[in-house]
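A.B. asks: Here's a structure for you.
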Amino acid sequence: TKGKAEDCPLPPRVTEFLQQVVYPYIFKVLEVEDDKEVVERVFENLRELGEELGPAAYTGVIEKVMEHIVIFLQKKAYCQTLAMADEDEEDLEDVKEGDGPEDDESEEEEGDDGIDHDEIIFGNVTDLVLELARCYGNEFE
């Protein structure tokens, strides 16, 4: 269903569970988790909540969800800023060792597993925005 969350309410116990257990955990993970694979999954789960429960899934938390979306798009999230700090230190070590500019640029963006997690997070955030727009329809701002 599309539109306002009030037009398609969830059962009170489901709303209570989301607000007291699920969202506090999700927001804590987004604020302190440095593993980008975990963050990828959190954004995927946020999108799935909207798919399954509609706009009522975001009752009382839509502003905070949007704040986290903006933080990730600005690359200011904890897992993103931590990665930048680590790369800077590694770059300095490489220069000290004499390897310097010969480093492959793709290695900097990819994790140890060869996957560009920033790109996947961006894709999941984009999918979440699309799902929010679908859920809220003309009410989405």
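One line per residue, one yes/no per condition, for (1) at pLDDT 90 or above; (2) of a type in the set (Asp, Glu); (3) open to solvent by less than 50 Å² (accessible area, probe 1.4 Å); (4) in contact with a Phe, Trp or Tyr (Cβ under 8 Å, 6 or more places away or on another chain):
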| residue | (1), (2), (3), (4) |
| --- | --- |
| 44 | yes, yes, no, no |
| 88 | no, yes, no, no |
| 100 | no, no, yes, no |
| 116 | no, yes, yes, no |
| 124 | yes, no, yes, yes |
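A.B. asks: Also, I was wondering about something else. Residue 76 fails exactly one of the following numbered conditions: (1) assigned to a helix (DSSP H, G or I); (2) over 20 Å from residue 17 (Cα atoms); (3) open to solvent by 10 Å² or more (accessible area, probe 1.4 Å). What is the number of that condition?
C.D. replies: Exception for residue 76: condition (1).
The values are calculated or read from the model by the stated rules, or taken from the named source; none is laboratory data. Just so it is clear, the model here is predicted, and its values are computed rather than measured. Neighbour counts are summed over all protein chains in view; Cβ atoms, including those assigned to glycine, are modelled from backbone coordinates with ideal geometry. Just so you know, the surface numbers come from the protein's heavy atoms only, side chains and all, with ligands and any DNA or RNA stripped out. Shrake-Rupley method; radii C 1.70, N 1.55, O 1.52, S 1.80 Å.
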